[in-house]
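Peer 1: To start, I am sharing the structure in question, which I have written as structure tokens.
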């Protein structure tokens, strides 16, 4: 998709000085990481898999935890590379006041080049492990090494309690500090991009409304309709891998012309 193919002349990309981006699973599918609720999504194909992301089920079911650890071993994110959309956002972040707020846990925004302190991981990260008892945090790589060595359900080496990935499961609250920073980014933005998210998981999705109430233009890039389409300035159904680079090119061109 070229910049000329952006709808309505993309007037909504002019004059942007502060950008906030909310990304969901759809931005990482081109990297080989399946989404959850799409036609070929993880939970669409295997509804029982959703239980592995439910906190109460995870901590009370040892068999589920063993399955979860085996699934983590082969997660496609370990070999995934940032795709064109990730790289386009990194180019923007290098030259424009940008916050990337992500529902993803794969770390691909950071690997693409967005600074760690400009990525807000609403749902945590799969690259870390946390003990549900004492709260100790360790590297996921260390826990997976124990699984490969034969431990089906590795426990905390400090207190012996249950280990889980450092992600926010269903039934857990988001980190209040991270959510507060995301709200500040949404309120300060001239343009709020929502990319590859169904926008049905709250409170992340409500950041769209926060941004609009504060005067931002909301642009949604998603294959399917979302609940926030009616308040969006523009909705793009084009593939994320071509639409996001086109948006980035236009934003950077506008910045150069204004400089």
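Peer 1: Please work out if residue 19 is at pLDDT 95 or above, assigned to a strand (DSSP E or B), touching a helix residue (DSSP H, G or I) at 6+ places or on another chain (Cβ under 9 Å) and not assigned by TED's automatic domain parsing to the domain that holds residue 150. Talk me through it step by step, then tell me what you get.
Peer 2: Working: at pLDDT 95 or above: yes; assigned to a strand (DSSP E or B): yes; touching a helix residue (DSSP H, G or I) at 6+ places or on another chain (Cβ under 9 Å): yes; not assigned by TED's automatic domain parsing to the domain that holds residue 150: yes.
Here the answer is yes, as residue 19 does meet what is asked.
Peer 1: Out of region 172-229, which residues are surrounded by fewer than 17 Cβ atoms within 10 Å (Cβ to Cβ), under 26 Å from residue 55 (Cα atoms) and touching a strand residue (DSSP E or B) at 6+ places or on another chain (Cβ under 6 Å)?
Peer 2: Result: 178, 181.
Peer 1: Could you please find all residues in region 186-221 being part of a loop (DSSP other than H, G, I, E, B) and under 13 Å from the mean Cα position of the chain (by Cα)?
Peer 2: 196, 197, 198, 199, 201, 204, 205
The values are calculated or read from the model by the stated rules, or taken from the named source; none is laboratory data. None of the values given here were measured: they were computed from a predicted structure. Neighbour counts run over all protein chains shown; Cβ positions are idealised from the backbone, glycine included.
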